[in-house]
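Below is one structure, written out as structure tokens, with a few remarks after it.
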């Protein structure tokens, strides 16, 4: 055993979540989102395990290179598009698909005389991030169809507020998108995790879009067993956590009433207790914003953080009569302690917590238990 924090990756849970999403959207193609090191879970491990996905969505050229170097031959879609001829050359050389969202990207394609590529035209239906304005769509579709290296065109948009099922902006965005999908000769994509799990009747009805192509869903956070909704747990959605983030108890000492802990002495014990030190810190991506009182799991019970998290270590109050031993495993989040719960203590969402794990955190494939 090597001292430090580890992220155990349960590929069976990943496949379970994939099947839940696939059943929720029957007949749809799946573009699995594996950007940001597969939301911190490990790009290679996750992509190899997603053998039934129809495509993989990434956000950086480096992710395309890593996937191809790992022997992944599945369709890869570069979501933010490109800003240079160099990036465009990589997309062609690595046989990837490209999202375009501005006229400069289309100009780069026009200058290319060789190769063949599928292009997704992204439409801004109200998120006001990436995407062409609705008034430009007809002209740009025509322009893309005239480019020799573009073999196929799809249409895509992104929903801004789908994680709030009471927000009617999602319906407005869908209706805007419908203006361009009617009798469109190509694939379309609109549904992220929140749309798949919260807007089935409104969003996941391919016939509504009346296009002559496939309907693609784009699950991200839900693939990893994390709820996209603030008011719903992953368990209530039938999802299983893919990551178990854990460390070790590496020291135990008795403390007295009035003793303080760590930098700045921000926590003072109100009674005698036992203090545990665990092998995780913000150098591993364990957020320094997690306050005293944040739970961790140790030997089947919750104990809480005390004092500030340092770069390599964190402290917990074990209680006066604890029977814990040096070397015991500490679960920081995962099965039994959802990352969504930890996110509430950090006053953030689950996304930056799982994506924020550093490179020094070893990702380990957690093999299934044999009964």
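Observations, loosely collected:
- Relative contact order for the chain: 18 percent, from Cα pairs under 8 Å spaced at least 6 residues apart, divided by residue count.
- Considering only 230, 160, 38, the mean-square fluctuation computed in a Gaussian network model of the chain, springs between alpha carbons under 10 angstrom, is largest for 230.
- With Cα atoms, 0 to 90° folded angle of helix 11-24 axis to the chain main axis: 40
- Over the chain: helical MRE at 222 nm, DSSP H runs n ≥ 4 each giving -39500 (n - 2.57), nearest 500: -7500 deg cm²/dmol
- Separation of alpha-carbon centers, region 279-348 and region 215-277, rounded to whole Å: 5
- Length added when fully stretched, residue 66-residue 149, from 0.36 nm per residue minus Cα-Cα: 27.4 nm
- Helix 169-181 axis, angle to the chain major axis (alpha carbon atoms, nearest 10°): 30
- At q = 0.08, 0.13 Å⁻¹, base-10 log of I(q)/I(0) for region 11-227 (Debye sum, equal scatterers on each alpha carbon): -0.26, -0.71
- Region 159-235, Rg to Rh (Cα coordinates; Rh as Kirkwood inverse mean 1/r): 0.99
- Max mean-square fluctuation residue, GNM over the chain, Cα-Cα springs under 10 Å, options 138, 281, 40: 138
- Label point 7 Å beyond Cα of residue 344 along Cβ direction - residues of region 233-247 with amide nitrogen under 17 Å: 233-237
Where a number appears in this text, it was derived from the coordinates with a stated rule and is not lab data. Owing to the predicted nature of the structure, the values given are computational and were not obtained by experimental measurement. Glycine gets a Cβ as well: all are built from the backbone with ideal geometry, and neighbour counts include every protein chain shown.
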